[in-house]
Amino acid sequence: MADKSKKNDAKDLFADYPNLYSSSSADEIDACMTFAEDYKSFLDISKTEREFVRNAIDACESVGFVDIESKKSLKAGDKVYSSIRGKGLIMAVVGKKNTGFNILGAHIDSPRLDLKPNPIYEDEETAYFKTHYYGGIKKYQWTTIPLAIHGVVFTSDGKSHEIVVGEKDDDPVFYITDLLPHLADEQMKKSPRDFISGEDLNVVIGGMPLKSSKKEEKNAFKANILKFLFDNYGIKEKDFVSGEIEIVPAVKARDVGFDRAYIAAYGHDDKVCAYPALMALLDQERPDKTCVCMLTDKEEIGSYANSGAQSVLYENFLMEVFAKQTGKTFDLLAYRKFIASSKMLSADVSNAYDPKYASVSDRKNSAFMSHGIKLEKYVGARGKSGTNEANGDFVAEITGIFAKNNVSWQTGELGKVDAGGGGTISAYMAKHGMEVIDCGVPVWSMHAPYEVISKIDLYDTYLAYKSFIENI
Ligand code: MN
Ligand code: MN
């Protein structure tokens, strides 16, 4: 029953999700701008999951984290991590109370073009890489933009050969051609889904023949590239089978707008959630409860593989933290109860309402740029297919913590009910019994080679993560 002694103005009864550039102080906006500079720098050197892991481990080690393998036991304040096959990362700061983990999770793989296992060919005096796209992309967006090559090739002598080309100002870039409009009448009649096919995403990598004593060397243009690759990286054609080479946009993160409110970059999905999660964990010294940050691979293709969120390697780390903190013989039931009492923010980007494409969104249930972290009770597709759904009491617990700590948030769905859908890593953690909710930063042009976020949403998300792991 309502308490009649409390009189509310009618306006207090309405939900209000303000634009944070309007509602924040000048000091808060300064702090947000500084945080954004650090994010852009980190993003520019962390375009692939392997690069992100390496840079995150450097950041962790610089504040005292060690590999959990080097610890026989754990006590409050200890900081440990485990690399998940070099492509995922899980870290913990051990708490004073041994009562469940407070977990932040996000993924660090992004849509891109991978090389096929047998990628090099030549056609009409030009050498190309064949690619196989990774994640959901609009294929035509990857033509006629500067591309960079990032990755590693492993050879059977146990060596790894790292290749990064296209990032330095004087590096060459790589390129996928498109048809000139003068001759594109037929092409433009096709649906955008079809006018660039997967087999058309072939990247120009060279245009000079190998000069040899034989007058007409067969495949001289391909041979020239193979020679270059062997001379510079020590790899042969067959070694690409054991390569992990990713083609990504050769662009740096840049401010958008005269007022610099936004950032355009490759890979905001989901590094714009992973980076503030990492920073929120690095801020922890001796938390009450053990704080965990997990940064996973392969989310864009279903979280499979031993580096994806479905892998037991992440759980092995959580078990190890539990076991090394309790110091007793491992008790599976006690661990299961412990993990079930854990709480998690599963962070992934979501669609920001775009007035140009308003028809796909329910405006009343959309997230807006610059209105803060988006809490999503569920994601999924159509009739909530394939989603974790957060429990209402857990949602209320989180919004209560945000209110107490002056953290702004907004809510919404991905888009209209039948417009499409998507999945995240939350369901894989929820199966352990823990409370999990999806949340994340709103993005324009998600999955495009160059996506846009608002700096104030990035900063608000960092504050939200901090208040969650420190207070839940
Ligand atoms: Mn994502
Ligand atoms: Mn995605």
Tell me yes or no: at least one residue of segment 201-213 is under 28 Å from the mean Cα position of the chain (by Cα), in a loop (DSSP other than H, G, I, E, B) and touching a residue at least 60 places away in the same chain (Cβ under 8 Å). yes
Can we say L104 is in the same structural domain as D231 (by TED's automatic domain parsing) and of a type in the set (A, V, I, L, M)? no
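Which residue, of K139, K79, K87, K96, is within 18 Å of E300 (Cβ to Cβ) and outside the structural domain of G243 (by TED's automatic domain parsing)? Steps first, answer last, please.
On the way: K139 fails: outside the structural domain of G243 (by TED's automatic domain parsing); K79 fails: within 18 Å of E300 (Cβ to Cβ); K96 fails: within 18 Å of E300 (Cβ to Cβ).
Sole residue among the options that is within 18 Å of E300 (Cβ to Cβ) and outside the structural domain of G243 (by TED's automatic domain parsing): K87.
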Identify the single condition in (1) away from ligand 2 (no atom under 16 Å from the Cβ); (2) in a strand (DSSP E or B); (3) within 16 Å of the chain's Cα centre (by Cα); (4) buried (at least 22 other Cβ atoms within 10 Å of the Cβ) that L295 does not satisfy, given that it satisfies every other one. (1)
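For segment 246-267, check the following and say yes or no: at least one residue is in a helix (DSSP H, G or I) and either crowded, with 18+ Cβ neighbours inside 10 Å or in contact (Cβ under 8 Å) with a residue 12 or more places away in the chain (or both).
Of segment 246-267, the ones in a helix (DSSP H, G or I) are none.
No: segment 246-267 contains no residue that is in a helix (DSSP H, G or I) and either crowded, with 18+ Cβ neighbours inside 10 Å or in contact (Cβ under 8 Å) with a residue 12 or more places away in the chain (or both).
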Helices (runs of 4 or more DSSP H) fully within segment 365-472 counting 1 or more residues that are at pLDDT 95 or above and within 18 Å of H268 (Cα to Cα): 455-471
When every residue in segment 361-412 that is among the β-branched types (V, I, T) and closer than 27 Å to K455 by Cβ is compared, the one surrounded by the most Cβ atoms within 10 Å (Cβ to Cβ) is I373
The residue that is surrounded by the most Cβ atoms within 10 Å (Cβ to Cβ), considering only those in segment 303-346 that are free of Cβ contacts under 8 Å to residues at least 40 places away in the same chain and outside any helix (DSSP H, G or I), is A305
Please verify whether segment 426-442 includes one or more residues that are farther than 17 Å from E299 by Cα and surrounded by 24 or more Cβ atoms within 10 Å (Cβ to Cβ). yes
Failed condition for K97, given (1) at pLDDT below 95; (2) within 15 Å of ligand 2 (Cβ to nearest atom), with all others met? (2)
Here's a check for you: in segment 237-292, which residue that is under 26 Å from V312 (Cβ atoms) and of a type in the set (D, E, K, R) is nearest to ligand 2 (Cβ to nearest atom)? D269
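Please pick out the residue among K96, K116, K79 that is touching a Gly at 6+ places or on another chain (Cβ under 7 Å) and farther than 30 Å from G412 by Cα.
Going through K96, K116, K79 in turn, just one is touching a Gly at 6+ places or on another chain (Cβ under 7 Å) and farther than 30 Å from G412 by Cα: K79.
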Test for K116: is it of a type in the set (K, R) and farther than 30 Å from C273 by Cα: no
Please determine, by comparing only the residues of segment 169-200 that are assigned to a loop (DSSP other than H, G, I, E, B) and among the small types (G, A, S), which one is nearest to the chain's Cα centre (by Cα). S197
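Here's the yes/no breakdown for (1) within 16 Å of ligand 1 (Cβ to nearest atom); (2) assigned by TED's automatic domain parsing to the domain that holds K466:
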{"residue": "D231", "(1), (2)": "no, no"}
{"residue": "K236", "(1), (2)": "no, no"}
{"residue": "G257", "(1), (2)": "no, no"}
{"residue": "R260", "(1), (2)": "no, no"}
{"residue": "D270", "(1), (2)": "yes, yes"}
{"residue": "P287", "(1), (2)": "no, yes"}
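Can you name the residue in segment 235-245 that is touching a helix residue (DSSP H, G or I) at 6+ places or on another chain (Cβ under 8 Å) and not in a helix (DSSP H, G or I) and is also nearest to D157 (Cα to Cα) among such residues?
I235
The values are calculated or read from the model by the stated rules, or taken from the named source; none is laboratory data. Because the structure is a prediction, the values reported are computed rather than measured. All Cβ positions, even for glycine, are placed from backbone atoms using ideal geometry, and neighbour counts span all protein chains on display.
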